[in-house]
Structure formats: structure tokens, C-alpha cells
1. Considering each residue of region A:226-280, count those that are over 16 Å from the mean Cα position of the chain (by Cα) and in a loop (DSSP other than H, G, I, E, B), and give that number.
2. What number of residues within region B:1-44 are assigned to a helix (DSSP H, G or I) and surrounded by fewer than 18 Cβ atoms within 10 Å (Cβ to Cβ)?
3. Could you identify the single residue in B:154, B:114 that is within 18 Å of residue B:70 (Cα to Cα), more than 8 Å from chain A (Cβ to nearest Cβ) and out of contact with any helix residue (DSSP H, G or I) (no Cβ under 7 Å at 6 or more places or on another chain)?
4. Checking residue B:166 against (1) in a helix (DSSP H, G or I); (2) out of contact with any helix residue (DSSP H, G or I) (no Cβ under 6 Å at 6 or more places or on another chain); (3) within 13 Å of chain A (Cβ to nearest Cβ); (4) crowded, with 18+ Cβ neighbours inside 10 Å: exactly one of these is not met. Which one?
5. What single numbered condition from (1) at the interface with chain B (Cβ under 8 Å from one of its Cβ atoms); (2) out of contact with any strand residue (DSSP E or B) (no Cβ under 7 Å at 6 or more places or on another chain); (3) at negative phi fails to hold for residue A:169?
6. Can residue B:172 be described as more than 28 Å from residue A:378 (Cα to Cα) and more than 13 Å from every other protein chain (Cβ to nearest Cβ)?
7. Residue A:204: farther than 17 Å from residue A:556 by Cβ and in contact with a strand residue (DSSP E or B) (Cβ under 8 Å, 6 or more places away or on another chain), yes or no?
8. Which condition does residue B:141 not pass, out of (1) surrounded by fewer than 23 Cβ atoms within 10 Å (Cβ to Cβ); (2) modelled with pLDDT of 95 or more; (3) within 12 Å of chain A (Cβ to nearest Cβ); (4) assigned to a loop (DSSP other than H, G, I, E, B), if it passes all the others?
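The values are calculated or read from the model by the stated rules, or taken from the named source; none is laboratory data. Only a predicted model underlies this, so the values are computations on that prediction, with no experimental measurement involved. Ideal geometry is used to build each Cβ from the backbone, glycine not excepted, and the neighbour counts take in all protein chains shown.
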């Protein structure tokens, strides 16, 4: 085993680990910080907050983003909110409670110490964002307002209308711009990371592609922070932005970073259903809608009546029926699966029969249209723009869609990957959400990692690691750049007949049909065979025009699809090897009598960490055993 | 959701290889356009045809495709984002057009936004204006408890109205003067409304306006085209608030402190 998967969890009681660790970590003298350069790839909540904070501390930060400005990173699209254990509503919340909900929500497949720390710093995040001018929703007395999200029985979610992610990202971005003005952050836009440069076993730089000129550029540093988000676009259709991709993380995997639990994917229950082959993305309708919306299907199979014509007694409010204590706020994995079951049984609605209703009739009757409009007005408008249906008059039609990936590069307690000096933050790492993420926790994790964890652990790394001087003229940089060039000319030389988008779409079908909400040994093997064949076809029949000297969007797309195909194979393999059901990973062979996920704690209480061993050999599956000292593993129940 | 009644559209699209080359409108015909498609998906269909024919695809900016990232742009029939109320280009759906329509598609045009290629422009000037003061200096670790500072709900709501700006630049593209006063005013106003923003308020207004003017944005002459076109419905009242902040600062703020933080 070449991997060192020591999670480096500090000793001592759970609630004291982080304090103790902060005390024990080495620090860099304030006057010496300016001697270090740190690369931060990505400018979402994790990357933006890390860049700003590291620059404030005095480090020189090189910040890279794929869009035309850092403010467009996909964190911006998060709608509903961010959790914090403030207990402002006085409903009995606490750090321990948030920790417990998150561990349980993740179906006991995350690391206790990391999750506890996340809950601890959640309150600092709310304070920090308010002081930066984020206009969170408030009560008339001027105090902050909270609402509820799935998987919790307290109201701990802070929000800014339906644009919480936007407001938090603009907060982090403004902090970044402040440091850009001070010259401590050098900003590089429209750049895509193409490779990681490892020298003497340590991450020392990156190769990026300037998307406009097509040129490759080299950057050297003392540490690299990867904050490049998730890989949900492997499914082709997802709620992710068009530029969200796995390439940066995948190239790190190929340079020795372990990839943990790649198959852990979150399928979000409330999205606008698929309606055509030309479709490029799926749009999420915030989970917050389930505070007031009721989910139902007709009791009669194949019922084609209009929803308003279906009387109360002929409606099945199945979440309320099956999970009376959590009702419509059952967690995402559970809610998605139940929607799929209803549609599989023939209760689905709409033209494709792949949808269920999310109905606000009762809430509007109870609270009035104005109150509902104040809460969800912008979401209702967005729904109407896309579907031409007005949710005030008729229920929304929704169906699950790929939304978030809990899996990602493996990191230890310090957020360091298996490559020293490569730290991975936010959705790009695997650490905090186990097999299912609870709503309003992604924003929390991105900001926790960037503001309150990485700045300390990076200092510790820089202070305790001997770092030789490197320059971009070192052979490792030349070799890495050469490898990217080689791949590019290979892509351009194929001259086949199928476009990158066609390949991507085909991959998406394999992923959704066999590696999606419901998985089986037979289906996963079908996917593996299909994806392997697809990979061969891609490298022999890709159609691509132009060259590297131009803003060649098709070329950029093709390079991403090449990596997605390889990732898809690894995801199927990971899902096949995990012979249990847990959270969003539902294996048909492993379910309880009432179709709930059946874990196998004896054999699978671990993170599966995959090691790349070359293009012609199979990756190796390693394990990090998860130790639960504070929480008793129990069957997760929301009934 | 209709899947039939497909349309044919005649497009006139601005093609320009790079910043220095000359551009021109080129005619394209797209068939089988479903009314449920988004505008960008319709261009995806065109680009798919172009790839198959071995031609260069139309470059356009886009990312989230749900109206929040601010990356999509385009002048559609002379209007930024097509001129539909509170709607970005990515949220324009083809049911708003008729079979046989001719649609003219051009990039956002403004002195401060040079063309990169086809419909893609460089909006980096927005970042430069933000770096000149669009923030509150609250370094990580300084913050008091979030509820230590009470903010009346109407004030928080108004600040949120301003903060909704997605930085797309439609205001600049639709202004006859190419002014960035709406997006800048929205930020100045948001932070001026909040108690946290007070300490830096004078410096912010002065530095941002100064930087804005040096980047090639024009001045505001109250045409209000920006408000009419803003996909987030941001009101020009925020420009008025910025002007008050600017005037107040011009009288009271000491010049020697001015350079720090400027772009």
C-alpha cells in the first residue's frame, strides 16, 4: 500500500480536538508569511474565502478561475440557505446537535472529527458574513431570521431570499477584491487547470490553459489549494453550471491524490423535470420550498386528470404518509428515492410521467398569497419562466436531478490530500457529508474550509515542511506541460465523426440509468462495459475542428469530456465494490423490507479511496476505516 | 409543456474572430426549435450544426443557465438579454418567439467591454471597480456576534434589493453613455444602507466613482435604460443614493486618504 491514509485526527475529546490542534500546529511568523506563495484554484465559497483569508494573513496568493470573473463561480447558484448552530430561534439547537444531524444525515459514512469541527465553526461563518455586509433575512426587530431544511427538526438555516449562495459568494468575492487591490492576490481569469506539478513528492505548481489564447501557462508555489467544486456534470444533465467539471481534480488524482467515495452522488428531489433531448441543464427548485409545499402523486395509476380535478382523498402525500415526523422535510436521498418509486409504480404525472407534484395550495390558503410570494416569489417566477406554468395556480411538477457530489479527493483532518502540499477544500474534497449531504450544508462547508480551517493548516504545512526552491523552468513543469500538449494534439488528430457533446450525452445516459438513484450489480457491470467501450470510441471517433491558437470552445469541452468518461468508469467501479446501501448510494440488493437503505456497518464503515496506477492497469481500492467514538451507529430513521 | 409545434428561426449573429479583427453579421437558419428550449439551447443547436459542418462555433459566455451567475450576455434584437422583464438571456425561452422570426444577436457593446470573440466580451472592468471599494474591510476573525448589530427589516430588504446585482453588465450595454453607474450604485447603496458599511462609506464612493471614470465607463444622464433592462430589476434610486454618498464624501472626506484601495 503506497497510500498514507492516516486521517491525522487529534487525540482527546471530540469537542476539544480542534482547539488543541490549533494550539499544537506550527505558525509562520507574520514577517515571514510574505515569503510564501500559495496557489488557489477556484473562486467559489471555498476558494474565494481561502484566497481572501490567506492574503489577509500576508501570503502571496495566485487565484485562478475558469469564468471571466471570480464572482461567477457556481456557489452563486445555491438558493436556500446556510446552516449555523446559533440557536437564535431557541429551539434547542447546539453544535452537538448540528454535528449529530450531519453525521446521521450522511448515513454514518463521514469522519466524526471533521464534522464536529464544521459544526463548531458554523457560527463564526454567520458572524463573518454579516460583518462583510451580507444582507441576510431579518425579523422586524432587526434580528436574523431562520428557516428549516431537510433532515433537521430545528430552524438553523440563515438565508437571503432565494439567493443565499449569491450573497455569500459576493461576500467572499468582495473580500478577495479587497486583497486584489492591495496586491496580495494576483487574479487569473478564464484559466483552466490542466495539471498538477509535483516535485520531490510535494505539490509545487500547476499548468493552466488560458482559455482565450489556448496557450499553456506554468505557475509555481509553495502549496496548492484545489477548490474546484464537484463533478455532477459527469451525468451530462445536472443542476451544475456548464463549466463545472472534474478535470482539475482528475489530473490531481492521476498525480497521486486519492479519490474517495466517487460514487457518493446527491440526487436532489426538487428539480424541474427533463423535457427534451436538446436540454443542457436541469434547474433546481430550492429545498426551502418543502417548508410549505406538499409533495404528492395521484393514488390512481396513470391518472391523467388535471391536479385541481383530483380530490383530496385520491391524493397520496407519500412523504407525510411514510415519514410522519419529518414529512415533506425528509432528507434529500430519501425524498428522491420515494419520488422514483412512485414514478416506477406508475403514479408519475406530466407528459413524461417522470414527475411528482409540489403543491402550495394549502399554504396559500393558510398564509395568503402575499406571504408565500414573500418567501418564494423569485423561485415561483423562475419556475414559470421555464415551464410557462404558474405555481400559485397549479402545483409545480418536480423530479430528482443530480445536484452535488459528496465524493471527492481524499483529505486528512488538515484538508491535505495524499499529495503533500495539495489541499482540497469545499465540494472538491470528500470529507464532511458522508453518503448524503443535508440541505444548507454545502455553503457551510465551503466557507468553513476556506475561512476557518485551511488558513491554519496551510500555515502549519508551510512552517513544518522543508521546501526547496523551485522555478517554472524545472523539468517537472516542462514534462507536465508537454503531457497536456500531447493530449491536445491527440484530440485534434482524431478527426472522427461524433461531437464531444454527443459522447458526453451518451455517458450521461449510462450514469443516470445505472449509476444514478438506484444501482444493481448487473446494471453497474453494464455501465462499466458501456463506458469502457465509449472511451475507445471517443479516442477514435471524436469530431473536433480548429487548433490551439484560438478561443476553441469545442477543444476545451472535449478535454473535459475525456476526463468525465474516465471518472464515470471509476464511479461505477466504486458503486459496484460498495456492497451495501447508504445515503444516496442505493444498491437494490441491499434494502430493508420497506425499501430503505440497508447499511453493512461490519464491512463498509470506511471511506473507499482509489489510487491511480496508470492508464493500462486497474485503480487500487484502499480503505480509511471510520471510527465512531461519540455517535452510536443506528439505522437512520425519519419516520 | 409542448414538444411539438417546432419553429424555424433566421438568425443574424455577430461574428468577430478576436478583439482586433473586423466583425460582421452572418446569417444562419435554425430549424426544429422547440418552444421549450432556452435561447442558449437554441444556439447550442446551431453550434452543433456548425461543428458537424467543420465550421467554427459561435463563442458566447454562459455558465449557470439559471439566471444568477451573470455570465450570459448578448444583445438580442437590440436589447440586452432580449429586453424581457427581469430575465437574463439564459432564462429567455423560445416560446417568446414565433415561427419564421428573424433574430439579431450581437455582443454587449461598450467602451469598457472590449470584444473577445463573437458574442464574448471582456467585463474585467467590473472587477476593477469592485476592487476600488466594493467591500467592507472585515478581515476573517474580526466579526462580532451576528445579532450584535440589529438591522431593521426594511433596511435589510432594501440592501438586499441592491445586492441582487449579478454583475452582468446589461446596464452598461444598454446605456447610451456606456455608464456603469447602476451596478456600481447598487454596490455603494447596499453597503451605505448597512451599519457595517459606514466606516468606509465616503472613501468607497469616491474611489469607486473615480476608478469607474478612468476605465472608460461614461457618466449617468438619467435615461434609465439600465433600470428597464436590468435582469434583477435594480432601481436607479441606487444611483441617486450613490450620488448623495459621493457628494457628501466630496465635501467632507480628506483628499490625502484617497489613493489607497484605488484599482
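1. So the count comes out to 13.
2. In the first step, residues of region B:1-44 are kept if they are assigned to a helix (DSSP H, G or I); the result is B:39-44.
Now narrow it down to the ones that are surrounded by fewer than 18 Cβ atoms within 10 Å (Cβ to Cβ): none.
Adding up the residues that qualify gives 0.
3. Working: B:154 fails: within 18 Å of residue B:70 (Cα to Cα).
From the options B:154, B:114, the qualifying one is B:114.
4. (1)
5. With respect to (1) at the interface with chain B (Cβ under 8 Å from one of its Cβ atoms); (2) out of contact with any strand residue (DSSP E or B) (no Cβ under 7 Å at 6 or more places or on another chain); (3) at negative phi, residue A:169 is out only on (1).
6. Numbers: more than 28 Å from residue A:378 (Cα to Cα): no; more than 13 Å from every other protein chain (Cβ to nearest Cβ): yes.
Spelling it out, it is not the case that residue B:172 is more than 28 Å from residue A:378 (Cα to Cα) and more than 13 Å from every other protein chain (Cβ to nearest Cβ).
7. Numbers: farther than 17 Å from residue A:556 by Cβ: yes; in contact with a strand residue (DSSP E or B) (Cβ under 8 Å, 6 or more places away or on another chain): yes.
So residue A:204 fits the description; yes.
8. Checking residue B:141 against (1) surrounded by fewer than 23 Cβ atoms within 10 Å (Cβ to Cβ); (2) modelled with pLDDT of 95 or more; (3) within 12 Å of chain A (Cβ to nearest Cβ); (4) assigned to a loop (DSSP other than H, G, I, E, B), the one that fails is (2).
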